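Working notes for the structure below.
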Amino acid sequence: MSRRIRRTPYTDCVEAAGVRGFSVVNHMLLPKAYQASIEEDYWHLREHVQIWDVSCQRQVQIEGPDAYKLVQWMTPRDISSAKVGQCLYVPIIDEDAGLINDPVLLVLAENKFWLSIADSDVLLYAKGLALGAGLEVSVTEPDVSPLAVQGPRAEALLGELFGQHIRDIGFFKFGWIEFAGTRQLIARSGYSKQGGFEIYLNGGHHGADLWNAIWQAGEAHNMTPGCPNLIERIEAGLLSYGNEMTRENNPLEIGLDEYCSLDKPVECIGHDALLKISRAGIDRQIRGVLFDGDPCPACSIPWPVTVDGEKVGQITSAIFSPRLKRNIGLSLIDRAYWETDQSVTVYSNDGQLRTGEVTALPFA
Ligand code: THG
C-alpha cells in the first residue's frame, strides 16, 4: 500500500482483529468489514457494543486570536453562543453555498476549535482563507485519532473502564478521561444512532494501549470490532460527504436547514448565497426511497429514479434493510415528486427495474 494512504495508530490492532478490507477517507485507512456480514454487524450494533477505528475523522485545529472569526466564515451555522465543551454539527460552504464538508465542531476554548472532518481537504481551505485574509491564526492537523465505541452497552463498558463520570456527558458534549497518565477528550457522539462515545486520542503512540484496554474490558460486554454500518446509517438518514453531497449541493437540498442560521446575520462567506437560494426556493431535496425486488447490490454509481420515464432524482446510497424488509436508498428528488408515497422506478445497476415510493427521513 502506498505511503500516501496513511495507517492509523490502531491499524495493527484492527488487522489483528481480522479486518477484511478498508476504505480510504482523508487519505487514511477506514476499516470496512470484519468477519461478520454487514447484516450481522447491524443487529449486533443495535443490541451490544462495537469498537470502531475512525481515525480518518481528522481534526483541523484552528487556534489563535482570529480562530472564532475563521470558523464562523466557513459555516452558515451561528456559533456565537457555542460554549466550551460543546460539539456542533456544522456545514462548511464556499461562496456559492456549495458544500465543502459537514464536520463536527468541538469548542475547546474561546480561541481554539477542532473541525472533525468528513472526506475533503478542509485544512487547505482554512489555510487559504487565513493566509489570504492575513488572519492571526494557526491551522494544523494535530496528532489526534478518534476511536468510537458505539452501541447501547457503550456507556456501561466505558463507565467501568474510565469512571462513571462519563455517564454525565450529554449528547454532543465532551468531557475528559485519564488514560496512561494523560488527559483525553471523550464526547458522546458518533456516526450511528445507537448511542456511544468517541475518544479523541491525543498521541498516536498510545493507540495500541487504548485499543487493547477497551478490547479487554469489552469481553464482558460481547464487544466486537466494527465500522460505520451502511444499513444503520441509511436507516438513520446519516449523510456521507462525497456520496449524498458534494460541492454541487447546498445544505438546504440535503436537509441541513436545521444547521444553517438564516434568520439572523452571520459573518459567513456563503451566507448571502444561501439566503438567496432559500428565498428563491430549492428545486430538489433529499428523501428516502423504499423499493422492491431482491436485496439490491452496492450503489457504487448513482441509480436513476424516474416517474413516467422522466428522471426525477438519483439514489446515491442504498442497501437492503433486514428490519424493514425492503431496499432503502437516499436520493435527491425533484420538487414536483418529493411528497411522501410518490411512486417511482429505480434503475439499480444490476439491470433490474424496481418499483418503489418516496418517504421521509429518517426511515421509520
Ligand atoms: N464523528 C466525528 N467526526 C465526524 C463524524 C462523526 N466527521 C465526519 C462525519 N462523521 C461528519 N458527519 C456527521 C454526520 C452526522 C452526525 C455527525 C457527523 C450526527 N448527527 C446527529 C443527527 O443527525 O441526528 C446529530 C447532530 C446534532 O444534533 O447536532 O451525529 O460521526 N467526531
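Rule-based calculations on the coordinates, nothing more; no lab input. Keep in mind it's a predicted model, so treat the numbers as computed, not measured. Reconstructed Cβ throughout: ideal geometry from the backbone, glycine too, with neighbour counts over all protein chains shown.
With all pairs of different alpha carbon atoms counted, what Kirkwood hydrodynamic radius in Å does segment 1-43 show?
Final number for the Kirkwood radius of segment 1-43 is 11.1 Å.
What is the spin-label model distance, in nm, from residue 32 to residue 164 if the labels are put 7 Å beyond Cα along the C-beta direction?
Here the answer is 4.4 nm between the modelled labels.
Over all alpha-carbon pairs of segment 49-109, lay out the pair-distance distribution in 10 Å bins, whole %, shortest bin first.
19, 50, 25, 6, 0
How long is the chain along each principal axis, judged by its Cα atoms, biggest number first, in Å?
On the principal axes, the chain reaches 64, 50, 42 Å in Cα extent.
So if I take the centroid of the Cα atoms in segment 160-212 and the same for segment 223-239, what is the distance between those two points in Å?
19
Determine, from the Cβ-Cβ distance of residue 349 and residue 176 and an R0 of 51 Å, the FRET efficiency 1/(1 + (r/R0)^6), rounded to the nearest 0.05.
So, using R0 = 51 Å, E works out to roughly 0.60.
So what's the Cα pair-distance distribution over segment 225-335, bin width 5 Å, in %?
Spelled out per bin, shortest first, that is 2, 10, 20, 20, 17, 13, 9, 6, 3, 0.
Between residue 5 and residue 131, what length comes free when the chain is fully extended (0.36 nm per residue of separation minus the Cα-Cα distance, one decimal in nm)? Show your work: numbers first, answer last.
Details: separation 126, 0.36 × 126 = 45.36 nm, distance 2.74 nm.
Gain on extension, residue 5 to residue 131, equals 42.6 nm.
Test of understanding: in a Gaussian network model of the chain with alpha carbons linked when under 10 Å, which of 192, 261, 80 would top the mean-square fluctuation ranking?
Of 192, 261, 80, the Gaussian network model singles out 80 as fluctuating most.
Going through the cross-link list 32/83; 264/311; 193/276; 112/276; 32/325; 83/264, which pairs have a Cα-Cα distance over 26 Å in this structure?
Pairs exceeding 26 Å: 32/83; 264/311; 193/276; 112/276.
What residue among 102, 272, 263 has the largest mean-square fluctuation in a Gaussian network model of the chain, using Cα springs under 10 Å?
263
Report the extension gain between residue 96 and residue 282 in nm, rounded to one decimal, defined as 0.36 nm multiplied by the number of residues separating them, less their alpha carbon distance.
Value of the extension gain: 65.6 nm.
Among 337, 241, 51, whose Cα lies farthest out toward the positive end of the dipole of the chain, if unit charges sit on the beta carbon of Lys, Arg (+1) and Asp, Glu (-1)?
51
Report the full-extension gain for the segment residue 272 to residue 205: residue separation times 0.36 nm, less the Cα-Cα distance, to one decimal in nm.
19.7 nm
Quick one: check the C-alpha center-to-center distance for segment 1-66 versus segment 255-273, whole angstrom.
The distance from the Cα centre of segment 1-66 to that of segment 255-273 comes to 32 Å.
Only sites in a loop by DSSP and with at most 10 other Cβ atoms within 10 Å count here; which trypsin sites (Lys or Arg not before Pro) in segment 301-355 make the cut?
Passing both the DSSP loop test and the Cβ count: 325.
GNM, the chain, Cα, under 10 Å: largest mean-square fluctuation among 255, 132, 163?
Of 255, 132, 163, the Gaussian network model singles out 132 as fluctuating most.
Distance between Cα centroids, segment 133-154 to segment 288-364: provide it in whole Å.
34
Using a simple charge model, +1 on the beta-carbon of Lys and Arg, -1 on the beta-carbon of Asp and Glu, nothing else, what dipole does the chain show about its Cα centre, in debye to the nearest 20? Don't skip to the end; give the middle numbers.
Working: 32 positive and 47 negative charges, 73 e Å.
For this selection, approximately 340 debye.
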